[in-house]
Amino acid sequence: MLKVLYRYTLIIGVSLFMLTSGLYGQSFQDADFGVIPDSLYQLSPSDAPYVITNKEMDVSFNEEDGSIVAILDHHVRLKVFDKTAREASIVSIPYYYDDNMEQISDISGWTHLPSGNQIALRQSDIRTVNINSRYNIKEFTMPAVSNGAILEYRYKIKRRYIEELPDFFLSHRVPTEAAKLTITYPNYLRYQQLTENYSGSLRNNFVYTDTSSVPKIFTIPQPKPIVTERWMAYDIPATEKEPYITSLDDHRAKLKFMMSEFGIPRQTLDIGWDVVVAKLRKNTNPLAEIRKNSFAHAKGDSIASAHPNADLKEIQNHIFRYLNKRMSFSGAHAPYSSKRGRAVIEGEVANQAAINQALAAMLRGAGIDANPVLVSTRKSGTINKGFPSFYQFNGLMVRSHIEGKTYVMDASFAHSQPGLIPVDMFNDEGLELKPRSFEWFKIEPAHSHFDLQVDVEAKLTAEGTLKGTIVSHQQGYPAQQIRQQRTDGMTDSDIVSRALFDGYADIRLDSVEIQNLNRYKSPVKITAHFEIEDYATSFSNGLEYRPMVVGYRMNNPFGDASRDLPVTLDAPEQLDVSYSIALPSGFSVDDRSQDQSLKMDGGQFRERYNLEPGTLNYNYQIKIGRKNFSPQLFPQLYNLYERWVQLSNSKWLIKR
């Protein structure tokens, strides 16, 4: 009887296991490295220069020197239709090298030619390139790429930080036919998965592998099977880069993984920003560096004492200018630095975090409430608040609070001021780290915009020469650029030519004056006399005159009117240009331009005309009041810029 029961149990167990594995196994055809099916050689060309036919990552775990490491085995295969597309043959693999978090090894690759020949990737062709203080890339070019070739490569990454896994991107700049990720779990951990930017079908299942040799009978305890979780997606469309976005990675379909259970027995882990901040305070706490920065505190107190009649806002400006003039920015961004403030203040090369930690300490020394702000740069993408992770941060700024108002600043940005931050730091939200709490806030710095006001008073000669006076007031980024150009040694004439008359080869300037370069509360003021020979084209019946002398935009920055992704401009923008153009005697304008306005949510383009017999008086005002526009608003934004382009390219006939 017992023998019959044993056979019966064994048959059921084996049958169920085979059935389960068989059902799951049929859902994805694994790509064996080096073995190319005939169907790939016969794959018909598509509109894309190449397609990714298979992308796979298998995750497993090892114990090394008392620690747990994740092993990520990658395999990528693609079919080339146009060998001139360099992105098909050039492979860049990023890995987090800082603190030895990730190590990459076992890189190999093959080019499979339509002729049947196979050419191996040479190890000598693999190079290491540093991207920033956290990431390197392994870069190589696949050999002998031709039309119809199949390229494949594989590599292994060993990762010491296992609380989260690297993003697994489903979509790329070309279509992906099949993508699969598997995690083979040890008994002591599980991950929570999050899908971003993907509305297609994502298959998720489990495979249970029994490795036991114990007889399958009810009276003998069975070891737990090995659990493998799998995610599979097919026919994934491309995510194409479009003008004016944050990072393309913000819009690519991807899978994210955060550890959700750990231990024996497994316990559910707390996942939230409060946990992230608590770990940050323990390990890499910029507030701790700011508090112990006694030299910077003392320097801030000294600057405040030197201005006894100044209010806190003025003292903040003095402190910011003091540090901004003396710092030496390395160009590297980081969310934390252990570099001491004295070294920063004395001009040693430092990263952004060190400079701004010194700034916060100086402000605190002057009695100003100032805290570090952790951010993600635009190149690194928008922070996903639904996926709590310190590693989403790669920059640090400062936020102060004075009499109910807040100021965001970055002293590593040369010739800036509180409220004027680099475009790459002008991202969506930041996390202000306070002594006993933290706060998310929308980054809206008051002076981070493009603001130009221009008045042109000139005379047009019968030969087509335009000469007169220009007065311009510039604030925000244009003013910062002018100050930087003066520091770099550019002449005032070259600065004005680049700022206002870029594209004019025959511009002549004199009596050039640039004011308020050291008065950061005031706009930079430019005045100059100018002369542009043959500005208007002379014909027998008159002159052909372009009304947009300065402030022109010859091409629409968005290219064409089709768009799928949201728009993220560099910053709000405002241009106000007024013209008063005296015509030569006996000439009159043959134009019926009328006042008009284009308005949309967040933008406006206004035109005003007063075309008198001897004088052309007209004004253009373009105001883009925000950075972000949805795809639904894009057609209106496109039309606004298109009107700007039309006016820049338009010509008026001034009759004799």
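Observations on the structure shown:
- Using only side-chain charges placed at the Cβ, +1 for Lys and Arg and -1 for Asp and Glu, the dipole size of the range 275-442 relative to its Cα centre rounds to 440 debye.
- Cut-off 13 Å, label 7 Å out along Cα→Cβ of residue 275, residues of the range 166-206 by amide N: 190-193
- Degrees between helix 477-487 axis and first principal axis of the chain (Cα, 0 to 90, nearest 10): 80 degrees
- Evaluated on the range 370-438, the Kirkwood hydrodynamic radius is 12.6 Å, with distances taken between all distinct Cα atoms.
- Rounded to whole Hz, the Karplus (6.51, -1.76, 1.60) HN-Hα couplings of the range 506-512, x for glycine and proline: 10, 6, 10, 10, 8, 6, 7
- Modelled spin labels at residue 203 and residue 113, positioned 7 Å past Cα toward Cβ, are 3.6 nm from each other.
- Angle in degrees between helix 2-25 and the longest Cα principal axis of the chain, rounded to the nearest 10: 20 degrees
- Segment residue 539-residue 42, length gained on full extension (0.36 nm per residue, minus Cα span): 172.7 nm
- When each of 256/385; 158/379; 158/254; 55/156; 241/379 is checked by Cα-Cα distance, pairs over 19 Å: 158/379; 158/254
- Between amide H atoms placed 1.01 Å from N, distances below 5 Å from residue 83 occur with 147, all of them 5 or more places distant or on a separate chain.
- Neighbour counting of Cβ atoms within 10 Å sorts the residues 553, 436, 252, 498, fewest neighbours leading, into 436, 498, 553, 252.
- Proxy reagent accessibility, fewest Cβ within 10 Å first, across 333, 529: 529, 333
- Under 22 Å from residue 224, Cα to Cα: lysines that are on another chain or at least 8 residues apart: 216
- Computed [θ] at 222 nm, deg cm²/dmol, the chain (DSSP H ≥ 4; -39,500 (n - 2.57); rounded to nearest 500): -6000 deg cm²/dmol
- Of the residues 62, 388, 123, the one whose Cα sits farthest towards the positive end of the charge dipole of the chain is 62 (charges of +1 on Lys and Arg Cβ, -1 on Asp and Glu Cβ, taken about the Cα centre).
- Derived scalar couplings ³J(HN,Hα) [the range 139-148; Karplus, 6.51 cos²θ - 1.76 cosθ + 1.60; whole Hz; x for Gly, Pro]: 10, 7, 10, 5, x, 6, 6, 9, 4, x
- Using the Cα coordinates of the chain, the gyration tensor eigenvalues translate into equivalent-ellipsoid semi-axes of 57, 35, 21 Å, sorted from longest to shortest.
- Dipole magnitude of the chain, debye to nearest 20 (Cβ charges: Lys/Arg +1, Asp/Glu -1, about Cα centre): 1540 debye
- Alpha-carbon Rg with Dmax, taken over the range 450-655, Å: 18.0, 53
- Residue-span extension gain [residue 423 to residue 648] - 0.36 nm each, minus C-alpha spacing: 78.4 nm
- Cα lying deepest toward the dipole's positive end in the range 450-655, options 562, 633, 537, charges on Cβ: 633
- Here the range 450-655 is treated with +1 on each Lys and Arg Cβ and -1 on each Asp and Glu Cβ, and its dipole about the Cα centre works out to around 600 debye.
- Shown for 69, 577, 129, 373: other C-beta atoms within 10 Å of each C-beta, ranked fewest to most, produce the order 129, 69, 577, 373.
- Residues residue 305 and residue 139, FRET efficiency given R0 of 56 Å [Cβ-Cβ distance, rounded to 0.05]: 0.55
- The phi-based Karplus calculation (6.51 cos²θ - 1.76 cosθ + 1.60; θ = phi - 60°) puts the 3J(HN,Hα) values of the range 311-324 at 7, 5, 5, 5, 4, 4, 4, 5, 5, 4, 5, 4, 6, 4 Hz, whole numbers, x for Gly and Pro.
No lab work stands behind these numbers, since they all come straight from the coordinates. Just so you know, these numbers come straight off a predicted model, no measurement behind them. Methodologically, a virtual Cβ is constructed for each residue, glycine included, from the backbone with ideal geometry; neighbour enumeration extends over all protein chains shown.
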